[in-house]
Structure formats: structure tokens, C-alpha cells
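The values are calculated or read from the model by the stated rules, or taken from the named source; none is laboratory data. Everything numeric here is computed off the predicted structure, so don't read it as measured data. Note that we place each Cβ from the backbone using ideal geometry, even for glycine, and neighbour counts take in every protein chain shown.
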């Protein structure tokens, strides 16, 4: 939640800073109370009045000048000005990020290293609830049930954020904050129709039931995926259409002046076309429950407790397969590999899997000294997965993990702020391990802040990574084919990083500039190596600690917003990967270069202007240099241009918006797989808000 960014010395100031119940009022009061006392150190009073706080790096509200990490903040004004149609389109505004469609239903988001079909090492939270799945070791973006109009802000911490968010925030972390029910009232109806059979709709109602403020949202999204192609002289019929429907409820209750309770429930159902050249239908059923209680103490300190439950069920509808069909040999043939044993159905028409998570966390926000702030928390998590095809057992597999963490902010002097973060995690399969971050921010002048940060982080393997055993059996003793088996001694991934950052505010604070120069050293990175195995093809992939990477990079982002009509955002990123992977370990040792998967250059610009006639014109341009997607195809360098025009009216207290969006206004480009070509899409949008 966005609350007052300044460290306030008065008790009233601390109330405004910490209370989640005063979300709207705090944004107004922070600008309208000039008599409130402030610390002189790194505050917004002198030079950043319009820059809101961020909380992602430490879980305490800080100005961008106080944070121990580089942060990209995408606010509601940016979302509305952008030409984004879906959530992942917004990450094209973030330096170092790669976004792509594996197929028409699977979306990939990764941060400057090895994005495959299921990108890992990126923590994603919705209102503080983690949405990455142990079953995928990744986020399935189709299930989270968040549309663009639901979002208040997105905070992206670029760089390891394990000290605050835990093991999976290994390279970066994303926190999506949805809009409070206090900010709206009445009905909102939206629809989008476009080429590629894009059919999106949303209905939301915000109101009150006695003391309860609430929002209920129903949404539907569909598209027909990529077009059929002729690839290398062969026709490919691409069947990767998708449909998703979701329902969410968000409630806010403030029983006392010091307590607030937020709770959410949601569910979604998806039908997705999955595949590269051969496609099948995946049905996903997802539901969650979330509750958060916050208490503001008389001292100005705060206590928070959150509890959530995620549940995902998957059914893959595949073509049944007999062993004779797979081998192309009848069981009566002399070449039949199992003499004396009959043909058998080895792959059923349905593969099922389940994933479940319970998580409870208790967090305190303290100000033990006038120049010292602290966030301390403890949490317990239970993960469970089940899937015969993935784990070679019908029984569920589970593990319990614990974490304890603290983040400290010490205002050492008028110019120097020091942040320190430490987390202790324990998992059944990985033992205990510490991660830490140490950063110092120095204010050379009010408009120029420099930062140096050091990280040492660990990422433990998920249940899929540590327990996978994907085999096709004839019976209990005969394995016909082994696909992926996890090594029994798989270890934690390790990261050491150092970064130098700069935040500048130029031209009478109309321009904000953020620069990040970094070096990251990753060891024991989990991947797959090939080795011999006694099945029919004598090979298997072993999931193990196979990769080592050194990543050097530079990121620059700039924001120009002189008034409410003009918005200009721009970014550039450079990264160079020097790494290797153990590709085969037996019978021949083969080590491959990972540098070919480096996306060396990325850039983007968002420009938007709102005319007095209530017409808004926007353009988003993004550039990616040539790369080779990990486990995907070669992607040529390309520039993508998205355009949007919006006209707004006010009719009898209702607001009406009509928009027209062009995605990729140019030549098609290759997405994750080479034969998947992203064509030009035209989308007509309609939105009406009725009080």
C-alpha cells in the first residue's frame, strides 16, 4: 500500500506513515501539511515532493533515495497511458526484463538470465501473496486473475531481494498492488475485441456492506494464439488458443481506529493450448484465500499478520499412446523390444497434477531509535505437490520451510543512510542457510544520490527441482523411457552481487534518472545434464547443479512528467553473460557456452500526451537485440511499436472511455519459438464507470 514516504518525528507523522487504513488520506495529507516536522536526511520535502514511496526492497516505506536496491515503479497513470493489453506487456517498460509468449497461452517474464518455458528465480507477489508455483518452479501468469484495471501500482526490485522476500527473489522481485475498495465506488464494465480472436471482458462492483468496503470482479480473456505457418518447408498447425475466466473478491474492514483487516478470495479456470509443434489442451483450476491483519500501536510501531492458501489443479488432455505406436513396431514383430510381453497403453489420455501452499507470516515495523527503523518477521510455509507423471508416485510430496528476517535502515548522518538485511531460511530438503544484503546511500547533493550494495543470496530447489522423476513405465520394474530425474544431492543455488547505483533529479525535478551498474556471480545454478540410462533410448536428463554464470550489466531508466498531460519514460539495459553449462556428463563430457543466451541490448520508450479535448495518444517502443532463447529458438533483433488512442467522456456522472490499440505496428517478429511469429494486432476497447 502507498503510505506517507517521509520519516516523521511527531506521533501524528508516524500514524500517517504506518497506517494502512489511511491509504487515500495519506497521499493527500503528505502534500497538504507543510507544518509537519521531517528529518533532513534523504526526504522528499526538499526535492521529491511528487515521488511516492516504495516498500518492496525492505517492507518499510522508503523514498527511492533511501532504498537499498534499484526499483522500477509502474503506477496507475503509467498503466492507463501505456499501450499494454495484458499484464506482461507492462514489463516491457522495465530495464533488463524480457517478456515473451512461449505459445499463445504461456507467458514468460524473466530478468536478464536464461528465460526458458518456465522462467524461475523471480518472486512475484499480488498484495504480498506469492503466486509462483512449486509444481512449475515458476509463475503461470494466466491463473493469477489480475487485470490492468485492478492494479494500483507495481514495484519491481531489480536485483536480488532475498533478504526481504525469501529464496525465490533470487534475481529480482515483483509486487503487484491492487486497488483498495476505498478508492472507487459503483460499477465498471470493460471489453476488448481484436484480431487474433482477442475477446476480453471485465465487470467490477465496488461498494460497502455496513463497515465492510469491498470489490467484486469477474473477468474473461481469450485469444487464438499464433497463426499456422510454413516452417523450413513444412506446414505447422498451431493449436495454442486460450480461454480464462476468473472471479475475485477483496474486502477491507476497520473494526477499530488501530486495526484493519483485509481479505481476498479468488478462483479461475483456464483452457490452454500447450506445445511447440505438437499441441495438447491444459485445463487449470486455481483458487486462493488471503487475509491480512494490521495493528498500529500507540508508539507509532505496527504489527502485521498474513495468512494465505493457494491451490492449483492441472489436467493435461493428451493423445493416448500404445507402446507399439511409439516404437513403430508391432508386438508380433521379431524386433519387438520386450519379447514375451504384450503391447500396452503407456500414456493415458489425461495427466493430472496438483499444487498447494499454506503460508503464515508475522511482521513488526519498529522505530527503536529516532534514526533507526526496523522490519522483523517470521514465517512458516507448507508446500505440497502431486502428480504421477512428474514424480512417478501417486502419493503427494510435501515440505515445510521456515524463514526469519530483519531489515534495518540507519540514518547515519544528514547525507548517509545504511540498509542491512538478513534472512535465515530452513527447508526440509535444503537445511538452513543465510542470505544478506548491505547497502549505503550517500546524498552528494539534494538531487544526486549514490548507492553501493552487496548481496549474498541462496535459492533452494523447489519440490519439482528436487523430487522430479518423470518416467514412462511398462510395469513396476521396467522403465521404457526416462525424461527427467532429479539428482538426489542437488544443492542450493548461490549468488554474489555488487552494484553501484545513482538516482538523480534534474531540470527542477521534472526528470528523474536511475542508473544501475552491476556484477552478478551465480554458481551451482540448477539445470539439466544428459547422461546414460538403461531405457529404450539409453539417455536421461538429470536435474542438477550444472551452470555457472557471471553477468555484467548496466541499466538506465528515466522519467519525465512535467504536468498531468505529458508522460515520457525511457530505459536502456546492457548485459553480458559469461557462463557455461554441463550439457552431457556421460558417456562424453560436453560443456556448452551460455553466452549465446545473453540479451545484450534492450531499450524502450513510452510517450503519452493528453489533450484538452480528453484525447490521449500513446506510443510504446521496445527494442531487443538478437539472442537465443534458452530451450527455445533464435530471435533476431527487432523493434516493436505499440500505439494507442483513447477518447474520454463524462455522461451523467459516468465516465466513458473508448480506445484503439495497435500491437506491433510493423513486421512480424519471432517470439520464443522460431515458428511462432507475433503478428500485428488491432484491439478496440470500451470502458464505462458508473457511480
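Somewhere in the range 381-392, is a residue farther than 30 Å from residue 470 by Cβ, in contact (Cβ under 8 Å) with a residue 60 or more places away in the chain and out of contact with any helix residue (DSSP H, G or I) (no Cβ under 7 Å at 6 or more places or on another chain)? No, that holds for no residue. Does the range 400-413 contain at least one residue that is at pLDDT 95 or above, under 25 Å from residue 69 (Cβ atoms) and touching a helix residue (DSSP H, G or I) at 6+ places or on another chain (Cβ under 8 Å)? Yes: one or more hits. Taken over the range 141-163, the criterion of being outside any loop (DSSP other than H, G, I, E, B) and more than 22 Å from residue 463 (Cα to Cα) is satisfied by 148, 149, 150, 151, 152, 153, 154, 155, 156, 157, 158.
The set of residues from the range 188-228 being closer than 28 Å to residue 256 by Cα and either crowded, with 18+ Cβ neighbours inside 10 Å or more than 26 Å from the chain's Cα centre (by Cα) (or both) comprises 204, 205, 206, 207, 208, 209, 210, 211, 212, 213, 215, 217.
For the range 301-319, which residues satisfy the criterion of being in contact with a strand residue (DSSP E or B) (Cβ under 6 Å, 6 or more places away or on another chain), closer than 30 Å to residue 538 by Cα and not in a strand (DSSP E or B)? Of everything in the range 301-319, just one residue is in contact with a strand residue (DSSP E or B) (Cβ under 6 Å, 6 or more places away or on another chain), closer than 30 Å to residue 538 by Cα and not in a strand (DSSP E or B), namely 318. Scanning the range 607-648 for residues that are under 18 Å from residue 570 (Cβ atoms) and in contact with a helix residue (DSSP H, G or I) (Cβ under 6 Å, 6 or more places away or on another chain) gives 608, 618, 622. Would you mind telling me which numbered condition in (1) assigned to a loop (DSSP other than H, G, I, E, B); (2) modelled with pLDDT of 75 or more residue 108 fails? All conditions pass for residue 108, except number (1). Looking across the range 348-372, the residues that are under 30 Å from residue 272 (Cβ atoms) and at pLDDT 90 or above come down to 351, 352, 353, 354, 355, 356, 357, 358, 359. Taking the range 342-370 as the range and being over 33 Å from the mean Cα position of the chain (by Cα) and either more than 30 Å from residue 281 (Cα to Cα) or assigned to a loop (DSSP other than H, G, I, E, B) (or both) as the test, the residues that pass are 342, 343, 344, 348, 368, 369, 370.
Residue 400 - would you say it is under 26 Å from residue 311 (Cβ atoms) and part of a strand (DSSP E or B)? So residue 400 passes the test. For residue 420, indicate whether it is at pLDDT 95 or above, assigned to a strand (DSSP E or B) and in contact with a helix residue (DSSP H, G or I) (Cβ under 9 Å, 6 or more places away or on another chain). For residue 420, the condition - at pLDDT 95 or above, assigned to a strand (DSSP E or B) and in contact with a helix residue (DSSP H, G or I) (Cβ under 9 Å, 6 or more places away or on another chain) - is met. Here the range 675-689 is the region considered, the condition is being modelled with pLDDT under 95 and in a strand (DSSP E or B), and the residue that is surrounded by the fewest Cβ atoms within 10 Å (Cβ to Cβ) is 677. In the range 261-280, the count of residues that are surrounded by 15 or more Cβ atoms within 10 Å (Cβ to Cβ) and touching a helix residue (DSSP H, G or I) at 6+ places or on another chain (Cβ under 8 Å) is one or more. Picking from residues in the range 441-470 that are in a strand (DSSP E or B) and touching a helix residue (DSSP H, G or I) at 6+ places or on another chain (Cβ under 8 Å), the one that is nearest to residue 505 (Cα to Cα) is 455. Screening residue 182 on (1) farther than 30 Å from residue 460 by Cβ; (2) buried (at least 19 other Cβ atoms within 10 Å of the Cβ); (3) in contact with a helix residue (DSSP H, G or I) (Cβ under 9 Å, 6 or more places away or on another chain) shows it passes everything except condition (2). Within the range 519-530, being within 25 Å of the chain's Cα centre (by Cα) and surrounded by 17 or more Cβ atoms within 10 Å (Cβ to Cβ) holds for 520, 522, 524, 525, 526, 527, 528.
When 143, 147 are screened for being within 26 Å of residue 664 (Cα to Cα), under 13 Å from the mean Cα position of the chain (by Cα) and buried (at least 19 other Cβ atoms within 10 Å of the Cβ), only 143 passes. Applying a threshold of 7 Å to beta carbon distances and a minimum spacing of six or more residues, or different chains, the list of pairs starting in the range 430-457 at a residue that is without any contact (Cβ under 8 Å) to a residue 12 or more places away in the chain and ending at one that is surrounded by fewer than 21 Cβ atoms within 10 Å (Cβ to Cβ) and part of a strand (DSSP E or B) reads 432/424; 432/426. I'd like the residue in the range 471-489 that is at pLDDT below 95 and not in a strand (DSSP E or B) and, out of all such residues, is nearest to residue 573 (Cα to Cα). Ranking the candidates gives 489 first. Within the range 451-487, being crowded, with 16+ Cβ neighbours inside 10 Å and closer than 30 Å to residue 416 by Cα holds for 451, 453, 455, 456, 457, 458.
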